[in-house]
Amino acid sequence: MNIICKFILLIFLSFILISCDDGNSGNFKINLKLPVSPSDISITCAHAEVKDDDTDFDKEEKIKKSNFCILNGDQIMLSIYSTADISEDYSFVDRKIIKVTNNVSGETDFVRNLKPSRYYKFYVEVTNKNEKTKLSGGAEGIFFEDSKNYDINLFLGVTGDFVRVVHNQTNESGLKTYIPEAGSSGTRAVALRDGRIFYAGGSIYNDIDTDTKIEKTAQLVDLTKMSVTKVKDLPFALTDFSAGLINYVGSDKKVSETGRVVIAFGKKGDSYSDKIYLYDPLKDSYQDTGAAFSGRAFPQSLVIGGEVYIVGGCSDSLSLSDIIKVDKSGKASKIGDLKQGRCLHSVSELPAIEGKTRMLVLGGTKKADGTDFITGELFAEIITVDGDNATSDKVAIEGISDQATLDSIKANPTAIAFSLASHASTTLNWDTNKGPSFVVLAVGGFLNSEGTRVVSPSTYLFRTNDDGSKWIYQASGSSFKCAYPSLSKINAKEYSNSQYAVLNCGTDKVARNPENTLSQYIYIMEAQAAPGSTAGLSYNMNISAKNSLFAENNDTENNSVYLDGPVTTNDMGQAFVFGTTYIYMISGFSL
Amino acid sequence: MNSKIGKKMKNVTKLMIVVFLLSLFQGAYAEEKKAGGSTGAGVNLKVGQNFYFEGNVVEKEDDQKEASMAEIKKTPFYQTTWFITTVSLVALAGISTGVYFLTANPAPSGNVVSWSNSAK
């Protein structure tokens, strides 16, 4: 009888143990983190609601401020997506719309339907009373297990504008990187598949010692933890390299949750790296791909279909024409050559034709110091990739009269050869009937003006006519000068006439002088399509830079510029811009 | 925080289970024992124990006294196995429930979205 009693007691205790586990796990808490508004607005969120008896000035200030707050009458829409296989697209799971009823804070449940052993993506949009999306942000690649509790942050940025990434609205200092408050250069950044951001290397300037040293530091930004973590150093100090992300698939066919970062070439100091490394964020380790190439700086990387293409690069004596592909297994191999070796050029994705990947290569120089421009008929090339082979062909662009042939330039020596180097480019695509299928936007850089290098005063847009039979370009004047810019697309709304890209302007001087102390300027470039009347062109294009809520599009609390700060965009169409010390987020207009 | 409390609760419960398992090797307080003499089954309380009691005393021989006492002395209800087991179960259930509610999360928090506008 005693044994029976004790057995019952044992069952009872076991029940308690099990119930403890059940009750305290599988919970998922999402903390919405808000950005700091421009410092010239002193109104608090609690008083940011516009009232009828406000003065016009107060109304305007409150409207600005309200973009950075979650206020009474706003709606928070939480969209949940999941996938069992990280290599597959996420599918929609559920949506929760939360009505905000005060100006202070709130907490509400969302449907408890997360399934274990699946990857989740959460996306939040905050709309105001007029249903305009003002704040948005997301987190992805979160593997849900029922036995754990989750407490994550979801940082919201102002849609279509930049904000400094901060721990909270009262902590304006934000997440800090290893890049000091002075003119540094040469760092590269890549958004991982799980939403974290890897950045590494660069030429770091110390304005106290007036000294420059090349870094091997690498860090990871995790917005779900609002943290910056130092990871394993690069194999050696490196700057002016290229970086991209492959959707790594191991020999066991398992797809990496993070992808692997391809770190290619770069300057080591007095010499150039001839290595291509893969960084594995899961193992925090670097693997030499073993590929043998010439050392170089300023190669360009482009990610297409989960593979990385590395194009060109220069050393002191060589302008290299290699087209290198790093496939999903991490194998790096040369697949072709450009017609002209180059560096400080741009490479942009073009729509594939017959399944063949295509890229547009524009401009650049033959020397790593940014001299000896590539002009004439070799200014632009189109790379076509067919499996593991690539060919590159020069392309004539109508309107660049002196670009047709070298002979034509010789015949007209007074003509200024069309030249552009150190610019940044990206491809913008429109939904059907809303704009051209694509344009290549090229911003900033410098050009050759009668033997003198000057910062480009124009923004260029390259595209084909409707039937694709010829290339044209369009130049628009810019109010800003960006000698070493970075450019990356952000998401636009579906069926929008406009497409957007984020421009991290960098220095306005051709010389990458670390003592340049300009402020950090960030621009959202808008390319707007409108029905056109020109024969062969269904759409006219207008390019402009949107005005930021920050005065003059700069962070007044960061008065030293990152000379060529990187920008990277994650899978959710959010861009991250690196300035000196701080990181900035630009939310897309939709997921 | 939740996981810390859950871990603490687990440890407390595990400790209770260990104590319980140890108790399997110990006799219950009022475990029945075979009588010391040959008088058969029954509680064989020895002289001098607190529970010794005799009523309607009839003089007997000394060697008959223990057997007589065993016969006269019925085990009190509070020393029975059933009573102690029941009380123990109730007490343990009470303690366990108390520990559970003191250390566990106030309630399963479920899936929650929270936000706060901090004053600037």
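Values in this text are rule-based calculations from the coordinates and carry no lab data. Just so it is clear, the model here is predicted, and its values are computed rather than measured. When we count neighbours, we look across all protein chains shown, and the Cβ atoms used for this are built from the backbone with ideal geometry, even at glycine.
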### Message
As an exercise, use a Förster radius of 30 Å and the Cβ-Cβ distance of A:Ala84 and A:Lys283 to find the FRET efficiency, rounded to the nearest 0.05.
### Response
0.80
### Message
Going by amide H atoms built from the backbone, whose H comes under 5 Å of the H on A:Gly532, apart from near neighbours?
### Response
A:Tyr539, A:Asn540
### Message
Could you give the length gained by full extension between A:Ser294 and A:Ser329, i.e. 0.36 nm per residue of separation minus their alpha carbon distance, to one decimal place?
### Response
10.4 nm
### Query
What is the distance, in nm, between label points placed 7 Å from the Cα along the Cα-to-Cβ direction at A:Ser469 and at A:Asp94?
5.7 nm
### Task
Let me know the mean shielding of B:85-93 by other chains, meaning the per-residue number of their Cβ atoms within 10 Å of its Cβ.
3
### Task
Going by C-beta contacts inside 10 Å, put B:Trp82, A:Trp430, B:Trp115 in order with the fewest on the left.
B:Trp82, A:Trp430, B:Trp115
### Message
Need one number: nm distance between label points at A:Lys339 and A:Glu107, each 7 Å from Cα along Cα→Cβ, rounded to one decimal.
### Response
6.5 nm
### Fully extended contour minus Cα-Cα distance, from A:Ile63 to A:Lys232, at 0.36 nm per residue
56.4 nm
### Query
For the pair B:Ala91 and A:Thr210, how long in nm is the line joining their label points, each one 7 Å along Cα→Cβ?
8.3 nm
### Task
Starting with the fewest neighbours, write out A:Asp85, A:Asp74 ranked by other beta-carbon atoms found within 10 Å of each beta-carbon.
A:Asp85, A:Asp74
## Note on the structure
Projected onto the charge dipole of chain A (unit charges on the beta-carbon of Lys, Arg, Asp and Glu, signs +1, +1, -1, -1), the Cα from A:Gly506, A:Thr534, A:Ile152 with the largest positive-side position is that of A:Ile152
### Query
Taking only C-alpha pairs under 8 Å that are 6+ residues apart, what is the relative contact order of chain A in percent?
11 percent
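Report the extension gain between A:Asn547 and A:Ala511 in nm, rounded to one decimal, defined as 0.36 nm multiplied by the number of residues separating them, less their alpha carbon distance.
10.2 nm
Where in the range A:506-591 are there GluC sites (Glu not before Pro) that are in a DSSP coil and have at most 14 other Cβ atoms within 10 angstrom of their Cβ?
Here the GluC sites (Glu not before Pro) that fit, given the DSSP loop and packing criteria, are A:Glu515.
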